[in-house]
Amino acid sequence: MAKPISIEVWNPSGKYRVVSTKSMPGTRWIRLLTDNDCRLEICTEAKTILSVDDILALIGDRCDGVIGQLTEDWGEVLFSALKRAGGTAFSNMAVGYNNVDVEAANRNGIAVGNTPGVLTETTAELAASLSLAAARRIVEADQFMRAGLYDGWLPHLFVGNLLKGQTVGVIGAGRIGSAYARMMIEGFKMNLIYYDLYQATRLEKFVTGKQQCAHLLLIALCIPPAYGQFLKANGEQPVTWKRAATMEDVLREADVISLHPVLDKTTYHLINPERLAIMKKEAVLVNASRGPVIDEVALVEHLKANPMFRVGLDVFEDEPYMKPGLADMKNAVVVPHIASASKVYI
């Protein structure tokens, strides 16, 4: 007999049974469900990642819907079990859904939802944080201080990359990629080069878009000019943008490169030995999208061979594990998939 799964129950007499495979931040989502006559059962198992058998036990004989996580493998086994239990909906707490077999969900009549919009700014902020931490060697310097090695200021101590005036490269200029680009442009006055299958018109206009109105009229209407024009009006060098014809153009030209593609068969190991080789020797590579877009074994070798090349990673190829050697790299900043881990004050 399988061991029972521990749960926390809200609104026990609710008409609809909804299961959440993890406890999630805040209480608003709980109130939304219980206010709509749902009995909510939240899994409280100590396991970080539930197995398929664990989730089957949670679904049980009657279940109207499940809130799951990107670490879970939602395929035919789970969707057919949910259908048998009378379920009609599955929500994935993630921007992507590469852990979800959408065809299997369709076969079983299960509607699938995800959470794309709400994670835009928090993911972009984390990518920007990793960019700055890697460029200015923040983690290395912190470890140096904690080890008691600091005995006075030196001109060459932890020299990093100045971001102002450098070029930020974005692979995938969708919601998150564009939000990240704006943060780096406006925050550090960086030039932009991006690659995307579609033109990021709003992002381009933000940088240097032409205004049709006179400057005084813009002020009267509280409509800001493009950022490049703002800098020029204040006596500074305006920033520029360029849409690259190929991804390789971004990798060659950018000083800081942030990855924001979807994960599918075309983007698996998007960053491989050949593409690492064409990047600048002192470039910064950031990934807060999906781990498998980087060949992590190749990345470790590149970090070993190029000590001034730095990376900031929030996701990993074999999550929750890192490839051997990555944890030993001083030129790598690694955090445990925390892009969504921010509080929202309403």
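The values are calculated or read from the model by the stated rules, or taken from the named source; none is laboratory data. Just so it is clear, the model here is predicted, and its values are computed rather than measured. Positions of Cβ are generated from backbone atoms using ideal geometry, with glycine treated the same way; all protein chains shown enter the neighbour counts. Just the protein is used for accessible areas: all its heavy atoms, side chains included, with ligands, DNA and RNA removed. Shrake-Rupley method; radii C 1.70, N 1.55, O 1.52, S 1.80 Å.
Listing for the model above:
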item	result
Any hit, region 116-133, residues being part of a loop (DSSP other than H, G, I, E, B), open to solvent by less than 20 Å² (accessible area, probe 1.4 Å) and touching a helix residue (DSSP H, G or I) at 6+ places or on another chain (Cβ under 7 Å)	no
Condition check for residue 127: in the same structural domain as residue 237 (by the TED database), closer than 18 Å to residue 279 by Cβ, touching an Asp or Glu at 6+ places or on another chain (Cβ under 9 Å) and of a type outside the set (Asp, Glu)	yes
Check on residue 320, in the same structural domain as residue 202 (by the TED database) and in contact with a Gly (Cβ under 6 Å, 6 or more places away or on another chain)	no
Any hit, region 252-262, residues being more than 25 Å from residue 190 (Cα to Cα) and open to solvent by less than 10 Å² (accessible area, probe 1.4 Å)	no
Set 105, 111, 127: member being in contact with a strand residue (DSSP E or B) (Cβ under 7 Å, 6 or more places away or on another chain) and touching a residue at least 60 places away in the same chain (Cβ under 8 Å)	127
Tally, over region 307-328, of residues that are part of a loop (DSSP other than H, G, I, E, B), open to solvent by 30 Å² or more (accessible area, probe 1.4 Å) and more than 18 Å from residue 269 (Cα to Cα)	2
Total residues in region 174-197, condition touching a residue at least 24 places away in the same chain (Cβ under 8 Å) and farther than 17 Å from residue 122 by Cβ	11
Residues that are open to solvent by less than 10 Å² (accessible area, probe 1.4 Å) and either over 19 Å from residue 132 (Cβ atoms) or of a type in the set (Ser, Thr, Tyr) (or both), drawn from region 279-306	291, 293, 294, 296, 299, 300
Count of residues meeting criterion [outside any strand (DSSP E or B), modelled with pLDDT of 95 or more and surrounded by 10 or more Cβ atoms within 10 Å (Cβ to Cβ)] in region 1-21	4
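Residues checked against (1) touching a residue at least 24 places away in the same chain (Cβ under 8 Å); (2) under 18 Å from residue 9 (Cα atoms); (3) open to solvent by 10 Å² or more (accessible area, probe 1.4 Å); (4) among the polar types (S, T, N, Q):
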residue: 40; (1), (2), (3), (4): yes, yes, no, no
residue: 45; (1), (2), (3), (4): yes, yes, yes, no
residue: 48; (1), (2), (3), (4): yes, no, yes, yes
residue: 52; (1), (2), (3), (4): yes, no, yes, no
residue: 57; (1), (2), (3), (4): yes, yes, yes, no
residue: 71; (1), (2), (3), (4): yes, no, yes, yes
residue: 75; (1), (2), (3), (4): yes, no, yes, no
residue: 83; (1), (2), (3), (4): yes, no, yes, no
residue: 89; (1), (2), (3), (4): yes, no, yes, no
